[in-house]
Amino acid sequence: MYLVGAGVGELTIIDYDTVNLTDLHRQLLYREEDVGKPKVEVAARRLHDINSTVKLRPVNEALTSENAEEIIKDADVVVDALDNWMSRQVLNEAIVKLRKPPLVHGAVNGWYGQVSTIIPGKTPCLYELVQVRSLPPQCVGYCPVVGPVVGVVASIEATEVIKLITGIGEPLINKLLIIDGKNWVIDEIKLSRVENCPVCSRYLKEK
Ligand SMILES: [Zn+2]
């Protein structure tokens with residue numbers, strides 16, 4: 001919503017899912033009446049109402065190792081708003097293999113969130129980031145995602161995209177921002193490359 005409001009030019013949205021009642025507390029584009037409808041179609045309609053000058057490309061598919069490269073190859077920036085690490089690794093492999101574009105990573109678990117910006121071939125990739133630090137205090141069992149924490153993470157990710165596009169400010173490169181919404185503590189962890197990362201060593205000849 002922020003990126004479309006900012007007028008990013010062209011936005012591709014990838015999701016194979018339909019709107020669920022349990023999405024509504026954190027996915028503010030959707031309404032009760034949208035339950036059961038394809039997410040990308042509803043999202044494109046609502047986003048068009050925010051800024052009709054942005055070209056929207058809804059892709060009603062799952063992101064897989066078969067289609068990832070084709071979908072992202074012409075993008076200037078990719079935003080990870082995924083809900084699972086398997087799809088994130090698919091996305092990571094695609095950007096490392098293509099050596100572009102920058103990836104703004106975000107994840108939320110319960111009250112906690114994290115954001116980092118990855119420049120493939122230059123900064124630790126998503127695989128390395130997971131080795132350095134997995135999601136904040138791992139909650140065991142049922143960990144409902146707190147809606148406003150998703151909003152905070154999404155806002156930080158959108159800010160990263162605006163910084164990357166405009167070249168203004170310092171993106172979270174080689175840094176992982178950790179957001180603890182329960183106690184309102186925001187921490188920054190410095191990231192460094194992991195030796196012999198299996199993803200980078202497979203696709204990048206020199207680091
Ligand atoms: Zn790597």
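The values are calculated or read from the model by the stated rules, or taken from the named source; none is laboratory data. Keep in mind that this is a model prediction, so the values were computed, not measured. Note that each Cβ is placed from the backbone with ideal geometry, even for glycine, and that neighbours are counted across all protein chains shown.
Brief remarks on what is shown
- Residue list for the stretch 4-27, filter: more than 18 Å from the chain's Cα centre (by Cα) and buried (at least 18 other Cβ atoms within 10 Å of the Cβ): 19
- Residue in the stretch 158-170 that is surrounded by fewer than 20 Cβ atoms within 10 Å (Cβ to Cβ) and either within 15 Å of the ligand (Cβ to nearest atom) or within 13 Å of the chain's Cα centre (by Cα) (or both) present: yes
- Residue in the stretch 177-195 that is among the charged types (D, E, K, R) and within 16 Å of the ligand (Cβ to nearest atom) present: yes
- Residues of the stretch 81-104 that are in contact (Cβ under 8 Å) with a residue 40 or more places away in the chain and assigned to a strand (DSSP E or B): 104 alone.
- On inspection, residue 120 passes the criterion of being at pLDDT 95 or above, assigned to a loop (DSSP other than H, G, I, E, B) and within 16 Å of the ligand (Cβ to nearest atom).
- Counting residues in the stretch 28-45 that are in a loop (DSSP other than H, G, I, E, B), within 18 Å of the chain's Cα centre (by Cα), farther than 17 Å from residue 78 by Cβ and not assigned by TED's automatic domain parsing to the domain that holds residue 83 gives one or more.
- Count of the stretch 91-123 residues which are touching a Leu at 6+ places or on another chain (Cβ under 6 Å) and of a type in the set (Val, Ile, Thr): 4
- Residue 104 passes every criterion in (1) closer than 30 Å to residue 202 by Cβ; (2) surrounded by fewer than 16 Cβ atoms within 10 Å (Cβ to Cβ) apart from (2).
- Answer from 108, 79, 40 - the residue that is at pLDDT 95 or above and in contact with a helix residue (DSSP H, G or I) (Cβ under 6 Å, 6 or more places away or on another chain): 79
- Residue 151 vs. criteria surrounded by 11 or more Cβ atoms within 10 Å (Cβ to Cβ) and touching a helix residue (DSSP H, G or I) at 6+ places or on another chain (Cβ under 7 Å): no
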